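The values are calculated or read from the model by the stated rules, or taken from the named source; none is laboratory data. Being a predicted model, the structure only gives us computed values, none of them experimental. Glycine gets a Cβ as well: all are built from the backbone with ideal geometry, and neighbour counts include every protein chain shown.
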Amino acid sequence: MRLLLPLLALAFAGSVFAAGAPRPNLVFINIDDLGYGEIGPYNGRNKTPELDRMAKEGRKLTSFYAAPVCSPSRASLMTGCYPKRVLPIPHVLFPVAQVGLNPNERTIAEVLKDAGYTTAMIGKWHLGDQAPFLPMQQGFERYLGLPYSNDMGPAADGIKSDRGKPVPAAKAGNAKAKKAAVDDETGTRGAQPPLALIEGDKVIGRVRVDDQIGLLKRYTERAVAFIKEKHAKPFFLYLAPNAVHFPRYPRDEFMGKSGNGLLGDWVQEIDWSVGQVLAALREAKLDQNTLVIFTSDNGGPTYQEAVNTPLRGA
(Lines give C-alpha, C1' and ligand atoms only; values in the text may rest on other atoms or scores of the structure.)
Protein backbone atom coordinates (compact mmCIF):
# COMPACT_ATOMS: atom_id res chain seq x y z
CA MET A 1 0.00 0.00 0.00
CA ARG A 2 1.12 3.58 -0.49
CA LEU A 3 0.17 6.72 1.39
CA LEU A 4 0.37 10.23 -0.03
CA LEU A 5 -0.63 13.61 1.39
CA PRO A 6 -1.63 15.84 -0.10
CA LEU A 7 -0.72 15.60 -3.82
CA LEU A 8 1.70 13.70 -6.02
CA ALA A 9 1.49 11.78 -9.28
CA LEU A 10 1.50 8.03 -9.91
CA ALA A 11 4.83 8.22 -11.72
CA PHE A 12 6.56 5.80 -9.35
CA ALA A 13 3.96 3.06 -9.83
CA GLY A 14 6.03 1.03 -12.26
CA SER A 15 9.08 0.95 -9.99
CA VAL A 16 7.34 -0.68 -7.02
CA PHE A 17 6.48 -3.88 -8.90
CA ALA A 18 8.94 -6.47 -10.19
CA ALA A 19 9.62 -6.69 -13.89
CA GLY A 20 7.17 -9.03 -15.59
CA ALA A 21 4.63 -8.87 -12.76
CA PRO A 22 0.95 -8.40 -13.65
CA ARG A 23 0.00 -4.79 -14.22
CA PRO A 24 -1.04 -3.28 -10.87
CA ASN A 25 -4.53 -2.12 -10.04
CA LEU A 26 -4.66 1.55 -9.01
CA VAL A 27 -6.86 3.03 -6.29
CA PHE A 28 -6.64 6.79 -5.78
CA ILE A 29 -8.52 8.21 -2.79
CA ASN A 30 -8.85 12.00 -2.94
CA ILE A 31 -10.37 13.66 0.15
CA ASP A 32 -11.95 17.11 -0.10
CA ASP A 33 -10.43 19.92 2.01
CA LEU A 34 -8.62 17.59 4.43
CA GLY A 35 -6.09 19.45 6.58
CA TYR A 36 -2.54 18.13 6.90
CA GLY A 37 -2.88 18.08 10.69
CA GLU A 38 -6.12 16.09 10.85
CA ILE A 39 -4.90 12.49 10.51
CA GLY A 40 -2.69 10.24 12.61
CA PRO A 41 0.15 9.52 10.16
CA TYR A 42 1.09 13.21 10.24
CA ASN A 43 0.74 13.53 14.01
CA GLY A 44 -2.75 14.93 13.53
CA ARG A 45 -5.41 15.49 16.15
CA ASN A 46 -7.84 12.71 15.16
CA LYS A 47 -7.57 8.97 15.74
CA THR A 48 -7.23 7.28 12.35
CA PRO A 49 -6.12 3.66 12.92
CA GLU A 50 -6.74 2.53 9.35
CA LEU A 51 -4.62 5.34 7.93
CA ASP A 52 -2.00 4.71 10.60
CA ARG A 53 -1.79 1.10 9.45
CA MET A 54 -1.62 2.17 5.82
CA ALA A 55 1.26 4.52 6.58
CA LYS A 56 3.09 1.84 8.56
CA GLU A 57 2.75 -0.72 5.76
CA GLY A 58 3.57 1.77 3.02
CA ARG A 59 5.20 5.15 2.95
CA LYS A 60 4.42 8.79 3.66
CA LEU A 61 5.22 11.45 1.08
CA THR A 62 5.71 14.96 2.39
CA SER A 63 7.13 17.15 -0.39
CA PHE A 64 4.54 18.39 -2.86
CA TYR A 65 2.84 21.22 -4.68
CA ALA A 66 -0.94 21.61 -5.02
CA ALA A 67 -3.40 24.23 -6.20
CA PRO A 68 -5.22 25.76 -3.20
CA VAL A 69 -8.80 25.02 -4.30
CA CYS A 70 -10.82 22.14 -5.75
CA SER A 71 -11.20 22.49 -9.51
CA PRO A 72 -7.63 23.51 -10.40
CA SER A 73 -6.20 20.83 -8.11
CA ARG A 74 -8.34 18.12 -9.68
CA ALA A 75 -7.61 19.32 -13.21
CA SER A 76 -3.91 18.95 -12.51
CA LEU A 77 -4.42 15.53 -10.96
CA MET A 78 -6.41 14.25 -13.93
CA THR A 79 -3.97 15.51 -16.57
CA GLY A 80 -0.57 16.03 -14.96
CA CYS A 81 -0.67 19.57 -16.37
CA TYR A 82 -0.38 23.03 -14.93
CA PRO A 83 -4.01 23.71 -13.93
CA LYS A 84 -4.32 27.14 -15.50
CA ARG A 85 -3.51 25.63 -18.90
CA VAL A 86 -6.21 22.92 -18.86
CA LEU A 87 -8.81 24.82 -16.82
CA PRO A 88 -8.23 28.59 -17.17
CA ILE A 89 -10.61 29.90 -14.50
CA PRO A 90 -10.06 32.39 -11.64
CA HIS A 91 -11.26 30.15 -8.78
CA VAL A 92 -13.49 27.04 -8.95
CA LEU A 93 -16.37 25.91 -11.15
CA PHE A 94 -19.95 26.54 -10.02
CA PRO A 95 -23.21 24.92 -11.19
CA VAL A 96 -24.16 25.38 -14.85
CA ALA A 97 -20.62 26.38 -15.80
CA GLN A 98 -20.06 26.77 -19.53
CA VAL A 99 -16.45 25.66 -19.23
CA GLY A 100 -14.77 22.57 -17.80
CA LEU A 101 -11.70 20.39 -18.12
CA ASN A 102 -10.63 20.71 -21.75
CA PRO A 103 -12.03 17.62 -23.53
CA ASN A 104 -8.99 17.60 -25.80
CA GLU A 105 -6.71 16.86 -22.86
CA ARG A 106 -5.73 13.26 -22.11
CA THR A 107 -6.76 12.29 -18.59
CA ILE A 108 -5.16 9.55 -16.53
CA ALA A 109 -8.40 7.60 -16.99
CA GLU A 110 -8.09 7.80 -20.79
CA VAL A 111 -4.44 6.75 -20.70
CA LEU A 112 -5.19 3.75 -18.48
CA LYS A 113 -8.32 2.78 -20.41
CA ASP A 114 -6.27 2.69 -23.62
CA ALA A 115 -3.72 0.54 -21.76
CA GLY A 116 -6.40 -2.04 -21.03
CA TYR A 117 -7.64 -0.91 -17.63
CA THR A 118 -11.25 -0.84 -16.41
CA THR A 119 -11.87 2.68 -15.12
CA ALA A 120 -14.36 3.88 -12.51
CA MET A 121 -14.95 7.07 -10.58
CA ILE A 122 -16.98 7.47 -7.41
CA GLY A 123 -17.52 10.86 -5.75
CA LYS A 124 -16.92 14.50 -6.44
CA TRP A 125 -15.88 15.48 -9.97
CA HIS A 126 -15.83 19.32 -10.02
CA LEU A 127 -14.33 19.63 -13.50
CA GLY A 128 -17.48 20.67 -15.34
CA ASP A 129 -21.15 19.70 -14.96
CA GLN A 130 -22.20 20.02 -18.61
CA ALA A 131 -22.29 16.93 -20.85
CA PRO A 132 -18.93 17.32 -22.64
CA PHE A 133 -17.02 17.64 -19.37
CA LEU A 134 -18.47 14.85 -17.20
CA PRO A 135 -16.40 11.78 -16.17
CA MET A 136 -17.95 9.43 -18.75
CA GLN A 137 -16.58 11.71 -21.48
CA GLN A 138 -13.16 11.92 -19.82
CA GLY A 139 -12.13 8.26 -19.81
CA PHE A 140 -14.21 6.75 -17.01
CA GLU A 141 -16.45 3.81 -17.88
CA ARG A 142 -18.48 4.11 -14.67
CA TYR A 143 -19.43 7.05 -12.50
CA LEU A 144 -21.45 7.70 -9.35
CA GLY A 145 -21.22 11.02 -7.56
CA LEU A 146 -21.78 14.76 -7.42
CA PRO A 147 -20.71 17.07 -10.25
CA TYR A 148 -19.23 19.61 -7.82
CA SER A 149 -18.97 20.45 -4.10
CA ASN A 150 -21.65 19.40 -1.61
CA ASP A 151 -22.30 23.05 -0.66
CA MET A 152 -23.47 24.02 -4.15
CA GLY A 153 -27.26 23.95 -4.15
CA PRO A 154 -30.35 25.43 -2.44
CA ALA A 155 -29.93 26.34 1.22
CA ALA A 156 -33.37 24.87 1.97
CA ASP A 157 -32.01 21.41 1.03
CA GLY A 158 -29.40 21.58 3.82
CA ILE A 159 -26.66 22.33 1.32
CA LYS A 160 -25.42 25.38 3.25
CA SER A 161 -25.82 24.00 6.81
CA ASP A 162 -23.78 21.53 8.87
CA ARG A 163 -25.55 18.53 10.32
CA GLY A 164 -27.77 19.49 13.25
CA LYS A 165 -27.86 23.16 12.30
CA PRO A 166 -31.14 24.85 11.26
CA VAL A 167 -32.03 24.51 7.61
CA PRO A 168 -33.51 27.76 6.25
CA ALA A 169 -36.90 27.77 4.58
CA ALA A 170 -37.08 27.96 0.82
CA LYS A 171 -37.28 31.43 -0.65
CA ALA A 172 -39.24 32.43 -3.71
CA GLY A 173 -36.75 33.22 -6.44
CA ASN A 174 -37.06 35.40 -9.49
CA ALA A 175 -35.48 35.34 -12.92
CA LYS A 176 -33.65 38.62 -12.39
CA ALA A 177 -31.93 37.38 -9.22
CA LYS A 178 -30.92 34.14 -10.91
CA LYS A 179 -29.51 35.97 -13.90
CA ALA A 180 -27.57 38.34 -11.68
CA ALA A 181 -26.08 35.39 -9.80
CA VAL A 182 -24.26 34.14 -12.90
CA ASP A 183 -21.09 36.20 -12.78
CA ASP A 184 -19.36 34.69 -15.82
CA GLU A 185 -18.92 31.44 -17.71
CA THR A 186 -17.70 29.63 -14.57
CA GLY A 187 -21.27 29.19 -13.34
CA THR A 188 -23.92 30.22 -10.84
CA ARG A 189 -22.80 31.43 -7.42
CA GLY A 190 -26.15 32.65 -6.08
CA ALA A 191 -29.53 30.97 -6.68
CA GLN A 192 -28.14 27.55 -7.47
CA PRO A 193 -30.13 24.59 -8.86
CA PRO A 194 -30.74 21.41 -6.80
CA LEU A 195 -27.62 19.37 -6.06
CA ALA A 196 -27.77 16.31 -8.30
CA LEU A 197 -26.52 12.78 -7.69
CA ILE A 198 -25.39 11.36 -11.01
CA GLU A 199 -24.85 7.78 -12.14
CA GLY A 200 -23.23 7.37 -15.50
CA ASP A 201 -24.62 10.31 -17.47
CA LYS A 202 -28.02 10.42 -15.74
CA VAL A 203 -29.29 12.32 -12.69
CA ILE A 204 -30.67 9.72 -10.25
CA GLY A 205 -31.55 11.90 -7.27
CA ARG A 206 -31.72 15.27 -5.58
CA VAL A 207 -29.36 15.57 -2.60
CA ARG A 208 -30.94 16.73 0.66
CA VAL A 209 -29.95 16.37 4.33
CA ASP A 210 -30.51 12.61 4.65
CA ASP A 211 -28.63 12.01 1.42
CA GLN A 212 -25.65 14.02 2.65
CA ILE A 213 -25.53 11.92 5.82
CA GLY A 214 -25.43 8.65 3.92
CA LEU A 215 -23.34 9.73 0.95
CA LEU A 216 -19.91 8.58 2.17
CA LYS A 217 -21.30 5.16 3.11
CA ARG A 218 -22.91 4.86 -0.31
CA TYR A 219 -19.66 5.77 -2.05
CA THR A 220 -17.72 3.29 0.11
CA GLU A 221 -20.13 0.44 -0.55
CA ARG A 222 -19.97 1.08 -4.28
CA ALA A 223 -16.15 1.14 -4.18
CA VAL A 224 -16.05 -2.15 -2.25
CA ALA A 225 -18.50 -3.76 -4.69
CA PHE A 226 -16.35 -2.63 -7.63
CA ILE A 227 -13.19 -4.09 -6.05
CA LYS A 228 -14.94 -7.42 -5.40
CA GLU A 229 -16.02 -7.85 -9.02
CA LYS A 230 -14.19 -10.51 -11.02
CA HIS A 231 -12.28 -8.14 -13.25
CA ALA A 232 -10.78 -9.60 -16.39
CA LYS A 233 -8.49 -6.58 -16.65
CA PRO A 234 -6.55 -4.44 -14.16
CA PHE A 235 -8.62 -1.56 -12.82
CA PHE A 236 -8.28 2.11 -11.92
CA LEU A 237 -10.64 3.30 -9.18
CA TYR A 238 -10.78 7.02 -8.42
CA LEU A 239 -12.63 7.48 -5.12
CA ALA A 240 -13.25 11.16 -4.31
CA PRO A 241 -15.59 11.64 -1.31
CA ASN A 242 -17.23 15.01 -0.74
CA ALA A 243 -16.10 14.70 2.87
CA VAL A 244 -14.70 16.62 4.66
CA HIS A 245 -15.83 19.70 2.73
CA PHE A 246 -18.44 21.98 4.34
CA PRO A 247 -21.27 21.23 5.06
CA ARG A 248 -20.23 18.36 7.31
CA TYR A 249 -22.51 15.38 7.63
CA PRO A 250 -20.95 12.43 9.52
CA ARG A 251 -23.17 9.42 10.12
CA ASP A 252 -24.71 8.62 13.52
CA GLU A 253 -21.99 6.07 14.32
CA PHE A 254 -19.35 8.80 14.25
CA MET A 255 -21.21 11.76 15.74
CA GLY A 256 -19.42 13.08 18.83
CA LYS A 257 -16.71 10.40 18.72
CA SER A 258 -13.67 12.47 17.78
CA GLY A 259 -13.82 15.26 20.36
CA ASN A 260 -13.08 17.65 17.49
CA GLY A 261 -16.58 18.50 16.35
CA LEU A 262 -18.26 17.52 13.11
CA LEU A 263 -15.02 17.90 11.16
CA GLY A 264 -13.17 15.44 13.37
CA ASP A 265 -16.13 13.05 13.34
CA TRP A 266 -16.15 13.07 9.55
CA VAL A 267 -12.39 12.52 9.45
CA GLN A 268 -12.97 9.39 11.51
CA GLU A 269 -15.65 8.26 9.07
CA ILE A 270 -13.15 8.79 6.25
CA ASP A 271 -10.76 6.52 8.15
CA TRP A 272 -13.51 3.89 8.36
CA SER A 273 -14.09 4.23 4.61
CA VAL A 274 -10.42 3.73 3.80
CA GLY A 275 -10.39 0.68 6.06
CA GLN A 276 -13.31 -0.81 4.13
CA VAL A 277 -11.52 -0.31 0.82
CA LEU A 278 -8.26 -1.82 2.07
CA ALA A 279 -10.07 -4.75 3.67
CA ALA A 280 -11.86 -5.43 0.37
CA LEU A 281 -8.50 -5.54 -1.44
CA ARG A 282 -7.09 -7.98 1.12
CA GLU A 283 -10.21 -10.15 0.98
CA ALA A 284 -10.05 -10.28 -2.82
CA LYS A 285 -6.31 -11.10 -2.60
CA LEU A 286 -5.50 -7.99 -4.61
CA ASP A 287 -3.54 -6.11 -1.95
CA GLN A 288 -0.13 -7.27 -3.20
CA ASN A 289 -0.81 -6.04 -6.72
CA THR A 290 -2.68 -2.79 -6.03
CA LEU A 291 -1.17 0.65 -5.63
CA VAL A 292 -3.30 2.67 -3.19
CA ILE A 293 -2.77 6.41 -2.80
CA PHE A 294 -4.53 8.52 -0.17
CA THR A 295 -4.44 12.30 -0.57
CA SER A 296 -6.22 15.59 -0.08
CA ASP A 297 -7.01 17.87 -3.00
CA ASN A 298 -5.69 20.85 -1.03
CA GLY A 299 -5.23 22.00 2.55
CA GLY A 300 -8.05 22.50 5.00
CA PRO A 301 -9.80 25.90 5.35
CA THR A 302 -8.68 27.28 8.70
CA TYR A 303 -11.65 29.68 8.85
CA GLN A 304 -13.76 26.51 9.14
CA GLU A 305 -11.59 25.15 11.98
CA ALA A 306 -9.46 22.84 9.84
CA VAL A 307 -5.94 22.11 11.08
CA ASN A 308 -2.91 22.10 8.78
CA THR A 309 -0.21 22.02 11.50
CA PRO A 310 2.76 22.20 11.14
CA LEU A 311 2.14 23.92 7.82
CA ARG A 312 1.50 27.64 7.87
CA GLY A 313 -1.11 28.11 5.20
CA ALA A 314 -4.66 27.00 4.44
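See the values below:
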| quantity | calculated |
| --- | --- |
| Enumeration of residues in segment 239-267 that are basic (K, R) and either farther than 25 Å from C70 by Cα or without any contact (Cβ under 8 Å) to a residue 24 or more places away in the chain (or both) | K257 |
| Any hit, segment 81-92, residues being more than 22 Å from P301 (Cα to Cα), surrounded by fewer than 19 Cβ atoms within 10 Å (Cβ to Cβ), in contact with a Pro (Cβ under 8 Å, 6 or more places away or on another chain) and not basic (K, R) | no |
| Any hit, segment 65-79, residues being at pLDDT 80 or above, more than 18 Å from the chain's Cα centre (by Cα) and either closer than 19 Å to K124 by Cα or basic (K, R) (or both) | no |
| Scan of segment 173-215 for residues that are of a type in the set (A, V, I, L, M) and at pLDDT 60 or above, ordered by number | A191, L195, A196, L197, I198, V203, I204, V207, V209, I213, L215 |
| Segment 210-238, residues that are within 21 Å of Q288 (Cβ to Cβ), touching a residue at least 24 places away in the same chain (Cβ under 8 Å) and either of a type in the set (K, R) or in contact with a Lys or Arg (Cβ under 9 Å, 6 or more places away or on another chain) (or both) | F226, K228, K233, P234, F236 |
| Selection count, segment 71-80, where residues are of a type outside the set (G, A, S) and surrounded by fewer than 24 Cβ atoms within 10 Å (Cβ to Cβ) | 1 |
| Residues of segment 182-212 satisfying the condition of being of a type outside the set (D, E, K, R), assigned to a loop (DSSP other than H, G, I, E, B) and under 17 Å from A156 (Cβ atoms) | G190, A191, Q192, P193, P194, L195, V207 |
| Selection status of R206, surrounded by fewer than 19 Cβ atoms within 10 Å (Cβ to Cβ), touching a Pro at 6+ places or on another chain (Cβ under 8 Å) and closer than 25 Å to D162 by Cα | yes |
| Residue list for segment 118-144, filter: farther than 14 Å from G200 by Cβ and surrounded by 23 or more Cβ atoms within 10 Å (Cβ to Cβ) | G123, K124, H126, L127, G128 |
| Segment 232-269 - residue that is at pLDDT 95 or above and touching a strand residue (DSSP E or B) at 6+ places or on another chain (Cβ under 6 Å) and, of those, farthest from L26 (Cα to Cα) | P241 |
| Some residue of segment 10-29 being modelled with pLDDT under 95, over 24 Å from L311 (Cα atoms) and β-branched (V, I, T) | yes |
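Residues are listed down the side, and each one gets a yes or a no for (1) basic (K, R); (2) at pLDDT 95 or above; (3) surrounded by fewer than 22 Cβ atoms within 10 Å (Cβ to Cβ); (4) under 15 Å from F28 (Cβ atoms):
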residue	(1), (2), (3), (4)
G275	no, yes, yes, no
A279	no, yes, yes, no
E283	no, yes, yes, no
F294	no, yes, no, yes
A306	no, yes, yes, no
P310	no, no, yes, no
